[in-house]
Every structure is written in C-alpha cells, then in structure tokens.
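So the structure is just underneath, and the comments pick up after that.
The values are calculated or read from the model by the stated rules, or taken from the named source; none is laboratory data. Please read these numbers as outputs of a predicted model, since none were measured by experiment. Accessible surface areas use protein heavy atoms only, side chains included; no ligands, DNA or RNA. Shrake-Rupley method; radii C 1.70, N 1.55, O 1.52, S 1.80 Å.
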Amino acid sequence: RQETRFDTNSLRSFYEGKRVLVTGAAGSVGSALCQQLAELGCASLAMLDHFDHGLLEILEQVNRIDPRLDAIDALCDIRDRGRLDAWMKKIEPEVVIHAAALKHVHLGERHPTECVLTNLVGVRNTVAAAAAAGATDFMLVSSDKAASPVCVMGATKRLAEMYLAGFQQ
C-alpha cells in the first residue's frame, strides 16, 4: 500500500499536553502508533500490552525518540477487567487508542474463542475502564475486514465497532 500522509500540525494540536494510553502497544500497529505519538508532544504516553518483551522494546524506542516524554509501560491483559481498571485509574488517560486485537485471520479461524475474548470482551473492558477513569476520547483501531466480515476475526472486529457505536449513544 502507498503510505498515507497526515497533517501533523492538527495531530500535534490534538495530542499536545494530553495523557494518552495505547493498548496493544507491543504489536505492529500499536508500536507504530506509539512511535508517532512520541513525536506529537503528549504529556504522557502509556503503553499497555501483555507481551513483556515487546512492551520493553517499544518503551526503549519511545524513550529514544523523546527522552523527556513521560513514557509509562503497563504490563496488563485487556481481558482482565480488574487489572485494566487499576491501570486506567493510575494513568488517568484523556485519550485511549485501542489497538489491542487478534488481527490474523487464520489464527482467528483456528481459535475463535480467543478471538472473541480479545476482540469483543477486550473492547468491552477497555471502553468501560476508560470511561470509568474519565477518558474523554476513545479510538478503536479496526480493520478493513470488519466492513463486510467473512471470517471470525472480521466478525469480531465488526461487532466491536457496533458495541462502541452503541456505547457512545
């Protein structure tokens, strides 16, 4: 795919000075978001994931990008609502970007229960914990496969989108 360019000035004005939390921060999508956010002047950047090695790697990368940034590593599984609530209350994010998900179609087909637990229960937990902690903005990173789902992964992501849309009303 061709790389998409964003208006960094408008992104900076949105994120500058805010406490931001990214779930799935150790994954390919989450870590790329964290690297970009580290350049946008956040007051703090909390990176949440259950994969300890990947979390350590993205923490080190973010610290290299901006050593002055208040970078927080949160080792937590989004399926564990109690731990997620505790982290959200501690961090008090203003913006939550939910990138944690099972994104591999073939794994979702072979492990549908895991896909449901992560992509649906994880979204429910994260939205509720973010709301309880006073977050004002919540962004769900979804997939083109959610538009017209033909697989477990796409269906769980579509249901997550529908849940979030219903939560906002």
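For the reader, a short list of remarks on this structure follows.
- Amide H contacts for Ala74 (H built 1.01 Å from N in the peptide plane; partners 5 or more residues away or on another chain; cut-off under 5 Å): Met47, Leu48, Asp49.
- Segment 13-52 - Rg (one decimal) and Dmax (whole number), Cα, Å: 9.9, 31
- Using alpha carbons only: equivalent-ellipsoid semi-axes of segment 59-106, gyration tensor based, whole Å: 22, 18, 10
- Under-20-angstrom lysine pairs by C-alpha in the chain, whenever the two are 8 or more apart or on separate chains: 5
- Segment 1-159 - Rg over Rh from alpha carbon coordinates, Kirkwood radius: 0.96
- Order of exposure, largest accessible area first, which applies to Met162, Met139 with probe 1.4 Å: Met162, Met139
- Using θ = phi - 60° and Karplus 6.51 cos²θ - 1.76 cosθ + 1.60, couplings along segment 107-114 (whole Hz; Gly, Pro as x): 5, x, 5, 7, 10, x, 5, 4
- The figure for Asp66 is an accessible area of roughly 30 square angstrom, using a 1.4 Å probe on the protein chains alone.
- Rounded to two decimals, the Cα-based Rg/Rh of segment 109-169, with Kirkwood Rh, is 1.00.
- For the chain: relative contact order, % (alpha-carbon pairs under 8 angstrom, 6 or more apart): 20 percent
- The 3J(HN,Hα) values that the Karplus relation (6.51, -1.76, 1.60; θ = phi - 60°) gives for segment 38-44 are, in residue order, 4, 9, 9, x, 4, 5, 8 Hz. Gly and Pro appear as x.
- Proportion of all alpha-carbon pairs of segment 4-77 beyond 18 Å (%): 32 percent
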